[in-house]
Amino acid sequence: MHLVGTVLLFFASLLASCQAFKPVIIIHGLRQAASSLKDIDGYIREAHPGTEVTVLDLYTRDESYEAPMMEQVKDFGAAIKKISDAHPEGFHLIGFSQGGLIARGVLQIVPNLNIDTFISLSSPQMGQFGDIASIRKYFPAFLKKELWRLLYNTRGQLLSFGGYWSDPMHVDSYRKTSKYLAYLNNETSDASHVADSFQWKANFLRVQKLVLIGGPDDGTINPWQSAHFGYWRDCDRSLSVIVPMRDQEVYLMDSFGLKTLDQQGRIVITTVPNTNHTMMHRDKNVVTSAVLPHLT
Ligand SMILES: *[C@@H]1O[C@H](CO)[C@@H](O)[C@H](O)[C@H]1NC(C)=O
Ligand SMILES: *[C@@H]1O[C@H](CO)[C@@H](O)[C@H](O)[C@H]1NC(C)=O
């Protein structure tokens, strides 16, 4: 190659590295590991060359449900804090499925994070009440309607999904026993949490933009609207009515900052059709249209 060409290429690469993309951290879902997310990782690197993408390889495979959510938040939080401190200009956080609930916990609990955009990708942010493939082998004889008996107690809360199992017919038990979602939502009956709830809200409000991605053909998140902070109405046996985010009590009371973010135009809600749970991070069109535009 000619010298001039080489020099030009050199300056072009310098320029490219100057308009740098902010680093991206990704948290995997239930029974996954960092390698499970190689598709979305690759699409980001391809579209935004030079991006520092970190898929955290903590609590992988069976460890992802054999440890309580709060414990996982502590370790994911420490890893994220380290990257955040090295990037005062900000970073983006993507959480897939259970990983989106871990991400939210980190953002509420860990102070002073330089968080820019938080993308919650198919995450049951208002809880889950339905099939979880990985628990079938443990509770084959039980229907989802009976699972609360196993999960709403000290031992059940040692399993990750126990912390965000939300049975609309047993709301009181959920508030009394949930060691995770009831705290994030400030729905817990543990009065000692009140003091923390204000700090957690202040921490969460550091998020510049919250992107909620979910879709009706997800097949795993139940109800799928939980990905958009919607959920079944309490005590409705027929499970026929979804209370949307803006009518949820946690929204109306602004108990962790959701209403503030929304009123300031900092929430983007995206509905992705014809896409099942796994394809949410594997389908190039989905990632390109719903995720990449927010990673600048
Ligand atoms: C959390 O709930 C308690 C009890 O209902 C309430 O007093 C407190 O104001 C709530 N905290 C926030 C941040 O809304
Ligand atoms: C999800 O969708 C993909 C592509 O359409 C398909 O190959 C895969 O079998 C589906 N997975 C499930 C669990 O339905």
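The table that follows gives values for the structure above.
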quantity: So residue 264, is it closer than 21 Å to residue 114 by Cβ and free of Cβ contacts under 8 Å to residues at least 40 places away in the same chain; calculated: yes
quantity: Subset of region 221-266 [within 16 Å of ligand 2 (Cβ to nearest atom) and either of a type in the set (Phe, Trp, Tyr) or touching a Phe, Trp or Tyr at 6+ places or on another chain (Cβ under 8 Å) (or both)]; calculated: 222, 224
quantity: Conditions (1) within 15 Å of ligand 2 (Cβ to nearest atom); (2) free of Cβ contacts under 8 Å to residues at least 40 places away in the same chain; (3) open to solvent by less than 50 Å² (accessible area, probe 1.4 Å): number failed by residue 218; calculated: (2)
quantity: Hits in region 46-58 - residues which are surrounded by 15 or more Cβ atoms within 10 Å (Cβ to Cβ) and either of a type in the set (Val, Ile, Thr) or without any contact (Cβ under 8 Å) to a residue 24 or more places away in the chain (or both); calculated: 51, 53, 54, 55, 58
quantity: Residue 254, sole failed condition from (1) open to solvent by 70 Å² or more (accessible area, probe 1.4 Å); (2) touching a Ser or Thr at 6+ places or on another chain (Cβ under 9 Å); calculated: (1)
quantity: Contacts under 9 angstrom Cβ, first residue in region 222-246 being more than 21 Å from residue 118 (Cα to Cα) and touching a residue at least 12 places away in the same chain (Cβ under 8 Å), partner part of a loop (DSSP other than H, G, I, E, B) and β-branched (Val, Ile, Thr), 6 or more apart; calculated: 222/132; 232/241; 233/241
quantity: Residue match in region 142-160 (condition: surrounded by 21 or more Cβ atoms within 10 Å (Cβ to Cβ) and closer than 18 Å to residue 100 by Cβ); calculated: yes
quantity: Unique match (being out of contact with any Phe, Trp or Tyr (no Cβ under 8 Å at 6 or more places or on another chain), among the β-branched types (Val, Ile, Thr) and at pLDDT 95 or above) among 110, 106; calculated: 110
quantity: Of all residues in region 21-64 being touching a Lys or Arg at 6+ places or on another chain (Cβ under 9 Å) and in a strand (DSSP E or B), the one that is farthest from residue 292 (Cα to Cα); calculated: 55
quantity: Some residue of region 89-102 being surrounded by fewer than 21 Cβ atoms within 10 Å (Cβ to Cβ) and either within 30 Å of residue 251 (Cβ to Cβ) or modelled with pLDDT of 95 or more (or both); calculated: yes
quantity: Residue count for region 196-215, restricted to those that are more than 16 Å from residue 107 (Cα to Cα) and open to solvent by 20 Å² or more (accessible area, probe 1.4 Å); calculated: 0
quantity: Candidates 212, 292 - the one that is under 17 Å from residue 99 (Cα atoms) and either more than 16 Å from ligand 2 (Cβ to nearest atom) or more than 16 Å from the chain's Cα centre (by Cα) (or both); calculated: 212
quantity: Residue list for region 264-284, restricted to those being open to solvent by 30 Å² or more (accessible area, probe 1.4 Å) and in a helix (DSSP H, G or I); calculated: 279, 282, 284
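The values are calculated or read from the model by the stated rules, or taken from the named source; none is laboratory data. Bear in mind the structure is a predicted one, so any value in this text is a computation, not a measurement. As a convention, Cβ positions derive from the backbone with ideal geometry for all residues, glycine included, and neighbour counts pool all protein chains shown. In case anyone asks, the SASA skips ligands and DNA or RNA and just uses the protein heavy atoms, side chains included. Shrake-Rupley method; radii C 1.70, N 1.55, O 1.52, S 1.80 Å.
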